[in-house]
Amino acid sequence: MVRLEHLGTRYGGQVVHRDINLCVYRGKILGLVGSSGSGKTTLLREMIGLQRPSEGQVWLFGERLDRLGAAELARLHRRCGILFQGGALFSALNVFDNIAFPLRESRLADEALIRQLVYLKLAMVDLSAEVAMRLPAELSGGMIKRVALARALALEPELLFLDEPASGLDPITAQDFVELLGELHRELRLSVVMVTHDLDLMRDLCDQVAVLADARLAAWGSLDNLLESEHPYVRQFFHGPRGRRVFTAAEAAHE
Ligand SMILES: Nc1ncnc2c1ncn2[C@@H]1O[C@H](COP(=O)(O)OP(=O)(O)OP(=O)(O)O)[C@@H](O)[C@H]1O
Ligand SMILES: [Mg+2]
């Protein structure tokens with residue numbers, strides 16, 4: 001679904017990515033981790049062509065992004081859903097209009113169909129129809145995430161980008177949200193790229209994990225592979241106190 005080849009990113013003199021090679025496979029969930037400022041959000045933006053890398057190539061659905069015009073890129077964007085970091089709903093629009101936004105923008109549906117689709121998406125993320133007329137300021141953090149997810153799913157994407165989907169939620173709400181993501185992934189057979197620091201989320205959902213450290217891809221593989229990695233940052237991330245708690249509990253549950 002996505003292929004990065006020798007990707008490099010610089011902001012002025014600051015090197016954010018160096019020689020990143022990475023693929024996102026159809027139907028799989030790739031987790032992307034790295035410390036704050038390691039360039040995860042930037043990498044997502046480059047994968048979807050919202051930003052050009054300084055070096056290297058990005059292929060999205062088999063097409064090289066630097067060779068596409070604006071109209072062709074927009075056509076590929078219609079196959080993608082994005083949940084931005086922080087949820088980022090339009091604060092002046094109610095829930096209905098937030099979810100309808102990408103549908104209206106795509107001009108693929110008339111208002112009657114849009115209405116149906118919006119209520120369908122609300123049900124998909126387990127929100128009641130009554131929420132549709134509320135403004136974002138009238139929602140809880142968990143509800144905002146669900147609405148943002150409904151909006152990301154509005155165009156029935158094949159590929160979903162999630163930037164820290166569970167951050168800011170309490171553990172129980174986060175767990176519910178993880179279960180919802182898992183169900184939607186199975187039902188809709190989505191391919192997903194998910195930035196997350198949440199080890200529980202990673203263990204429960206990700207087929208593969210990629211770790212950014214020191215501007216490079218420090219590791220990329222299944223969680224089992226990564227747990228064996230000798231890279232200092234990867235070891236620290238997965239074998240610190242939190243990692244031990246999450247993964248030892250998982251191993252015990254498997255036995
Ligand atoms: N438009 C920009 N102009 C200049 N520097 C930028 C720009 N966007 C990001 N950066 C820098 O690039 C680096 C990576 O930023 P990015 O937002 O991708 O990190 P991140 O891994 O998503 O961090 P976090 O976990 O905090 O969200 C940071 O040092 C940031 O300051
Ligand atoms: Mg970020």
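The values are calculated or read from the model by the stated rules, or taken from the named source; none is laboratory data. Everything numeric in this text was worked out from a predicted model, so none of it was measured. With ideal geometry, Cβ positions are generated from the backbone for all residues, glycine too; neighbour counts draw on all protein chains shown.
Checked against the criteria, ARG115 counts as in contact with a helix residue (DSSP H, G or I) (Cβ under 9 Å, 6 or more places away or on another chain), of a type in the set (D, E, K, R) and either under 23 Å from THR42 (Cα atoms) or surrounded by fewer than 21 Cβ atoms within 10 Å (Cβ to Cβ) (or both).
List every residue pair whose Cβ atoms lie under 7 Å apart, where the two residues are 6 or more positions apart in sequence or sit on different chains, the first residue falls within the range 209-226 and is on the phi > 0 side of the Ramachandran plot, and the second residue, located anywhere, is surrounded by fewer than 18 Cβ atoms within 10 Å (Cβ to Cβ) and of a type outside the set (Lys, Arg). Taking only residues 6 or more apart or on different chains, the pairs are ALA215/VAL15. Does any residue of the range 9-21 turn out to be exposed (fewer than 15 other Cβ atoms within 10 Å of the Cβ), modelled with pLDDT under 95 and away from ligand 2 (no atom under 16 Å from the Cβ)? Scanning the range 9-21, I find at least one residue that is exposed (fewer than 15 other Cβ atoms within 10 Å of the Cβ), modelled with pLDDT under 95 and away from ligand 2 (no atom under 16 Å from the Cβ), so the answer is yes.
Within the range 1-119, which strands (runs of 3 or more DSSP E) (wholly inside it) include 3 or more residues that are away from ligand 1 (no atom under 12 Å from the Cβ) and among the hydrophobic types (A, V, I, L, M, F, W, C)? Steps first, answer last, please.
Working: elements: 2-11, 14-24, 29-33, 55-60, 80-83.
Correct list: 2-11, 14-24, 55-60, 80-83.
Looking at (1) within 16 Å of ligand 2 (Cβ to nearest atom); (2) under 29 Å from VAL125 (Cβ atoms); (3) at pLDDT 95 or above; (4) out of contact with any Cys (no Cβ under 6 Å at 6 or more places or on another chain), which one does GLY31 not meet, given that it meets all the others? Only one criterion in (1) within 16 Å of ligand 2 (Cβ to nearest atom); (2) under 29 Å from VAL125 (Cβ atoms); (3) at pLDDT 95 or above; (4) out of contact with any Cys (no Cβ under 6 Å at 6 or more places or on another chain) is unmet by GLY31, namely (4).
Selection of the range 34-54 for residues being more than 18 Å from ASP214 (Cα to Cα) and within 9 Å of ligand 2 (Cβ to nearest atom) yields an empty set. Take the conditions (1) under 29 Å from ASP224 (Cα atoms); (2) surrounded by 15 or more Cβ atoms within 10 Å (Cβ to Cβ); (3) modelled with pLDDT of 95 or more; VAL95 misses just one of them, which is (1). Pairs are defined by a Cβ separation below 6 Å, a sequence spacing of at least 6 or placement on different chains, a first member in the range 72-89 that is closer than 14 Å to ARG146 by Cβ, and a second member that is modelled with pLDDT under 90 and not in a loop (DSSP other than H, G, I, E, B); the pairs so defined are GLY87/LYS145.
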